[in-house]
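Inspection log for the structure reproduced underneath, given as structure tokens.
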Amino acid sequence: MSNEVFNIFSSVGIGLTFLASIAAVIVSIISMRYSNKAAQRSGYLTTITASRDKWSNSLRENASLYFTQIERICNGNEADLEGIYNELTRYHFAIALLLFQQDQEINDNMYILRNKAFEIVKQNNLIKQQYRELLAQHFTESDIERQPVVTQAREKIHLLRCSIIHTYQVEIFNEIRDLLEGEWRKQQYEATKM
């Protein structure tokens, strides 16, 4: 009888070991599936966060260069306004492509600002033309500056610059800042979910 009891305990032990092994395999498979899902989600979030970070940095860089060109147009130096205007236009379109109609108000304000900058260039060219024509007729600079065409152009340039600085530059800056802050909040939220 002791052999029979031993065999029964042996069979029960082998059966329990077999069941425990199967349970361990099932738990391992389930654990692996959840780990893979978590790793995929983490990889996905990392990719999205990196992409958003790249987009934010690009927007920040182009906006900085855009505002530099606005400053150059509005600082009173009229040496190369056409070149500055071309650079402003370049960064305007770089920002517009980054936004891809994400924020129509920014696009609208940048368009208005660019038109005002173009009008400054146009008025400046009118002044240069007056200088060329009148200097050839032996007018002095002070005589040229008193000409109605020149005084009206200078007044218009002044009003356009004030409008750009006090209205549109501030609006565009605040809108881009708000957009970047919103993007930063999204990145922080995603980072906590990883």
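With of a type outside the set (A, V, I, L, M, F, W, C) and assigned to a helix (DSSP H, G or I) as the only criterion, which of His92, His138 stands out? Break it down into steps so the answer makes sense when it comes.
Numbers: His138 fails: assigned to a helix (DSSP H, G or I).
After ruling out the rest, the residue left standing is His92.
Residues being buried (at least 18 other Cβ atoms within 10 Å of the Cβ) and either over 28 Å from Gln129 (Cβ atoms) or free of Cβ contacts under 8 Å to residues at least 12 places away in the same chain (or both): count how many of those fall in segment 63-90.
Total meeting the criteria: 2.
Give me the pairs: first residue in segment 169-194 and over 24 Å from Phe93 (Cβ atoms), second residue small (Gly, Ala, Ser) and at pLDDT below 90, beta-carbon distance under 9 Å, and six or more apart or on different chains, which are they?
Between residues of segment 169-194 that are over 24 Å from Phe93 (Cβ atoms) and residues that are small (Gly, Ala, Ser) and at pLDDT below 90, the close pairs are Trp184/Ser56; Gln187/Ser56; Met194/Ser42.
Return the only residue of Arg132, Arg114, Arg154, Arg90 being among the basic types (Lys, Arg) and more than 27 Å from Phe67 (Cβ to Cβ).
Numbers: Arg114 fails: more than 27 Å from Phe67 (Cβ to Cβ); Arg154 fails: more than 27 Å from Phe67 (Cβ to Cβ); Arg90 fails: more than 27 Å from Phe67 (Cβ to Cβ).
Arg132 is the lone residue from the list that is among the basic types (Lys, Arg) and more than 27 Å from Phe67 (Cβ to Cβ).
Sort through Arg132, Arg161 and tell me the only one that's at pLDDT 85 or above, more than 30 Å from Asn107 (Cβ to Cβ) and either in a helix (DSSP H, G or I) or small (Gly, Ala, Ser) (or both).
Values: Arg161 fails: more than 30 Å from Asn107 (Cβ to Cβ).
Selected residue: Arg132, the only one of Arg132, Arg161 that is at pLDDT 85 or above, more than 30 Å from Asn107 (Cβ to Cβ) and either in a helix (DSSP H, G or I) or small (Gly, Ala, Ser) (or both).
Please find, among Glu175, Glu181, the residue that is buried (at least 16 other Cβ atoms within 10 Å of the Cβ), farther than 22 Å from Gly76 by Cβ, of a type in the set (Asp, Glu) and under 18 Å from the mean Cα position of the chain (by Cα).
Numbers: Glu181 fails: buried (at least 16 other Cβ atoms within 10 Å of the Cβ).
Only one candidate qualifies: Glu175.
Taking the criterion of being assigned to a loop (DSSP other than H, G, I, E, B) and exposed (fewer than 12 other Cβ atoms within 10 Å of the Cβ), would at least one residue in segment 101-116 satisfy it?
Filtering segment 101-116 down to residues assigned to a loop (DSSP other than H, G, I, E, B) leaves 101-103.
When the remaining residues are screened for being exposed (fewer than 12 other Cβ atoms within 10 Å of the Cβ), the result is 101-102.
Yes, segment 101-116 contains at least one residue that is assigned to a loop (DSSP other than H, G, I, E, B) and exposed (fewer than 12 other Cβ atoms within 10 Å of the Cβ).
For Glu145, state whether it is touching a helix residue (DSSP H, G or I) at 6+ places or on another chain (Cβ under 8 Å) and without any contact (Cβ under 8 Å) to a residue 40 or more places away in the chain.
On the way: touching a helix residue (DSSP H, G or I) at 6+ places or on another chain (Cβ under 8 Å): yes; without any contact (Cβ under 8 Å) to a residue 40 or more places away in the chain: yes.
Considered against the rule, which asks whether it is touching a helix residue (DSSP H, G or I) at 6+ places or on another chain (Cβ under 8 Å) and without any contact (Cβ under 8 Å) to a residue 40 or more places away in the chain, Glu145 comes out as yes.
Does segment 47-77 hold any residues that are within 23 Å of Asn125 (Cβ to Cβ) and modelled with pLDDT of 85 or more, and which are they?
Keep residues of segment 47-77 that are within 23 Å of Asn125 (Cβ to Cβ), which gives 66, 68-77.
Tyr66, Thr68, Gln69, Ile70, Glu71, Arg72, Ile73, Cys74, Asn75, listed by residue number.
The values are calculated or read from the model by the stated rules, or taken from the named source; none is laboratory data. On a predicted model such as this, the values are computed, not experimentally measured, just so you know. No Cβ is skipped: glycine too gets one built from the backbone with ideal geometry, and neighbour counts run over all protein chains shown.
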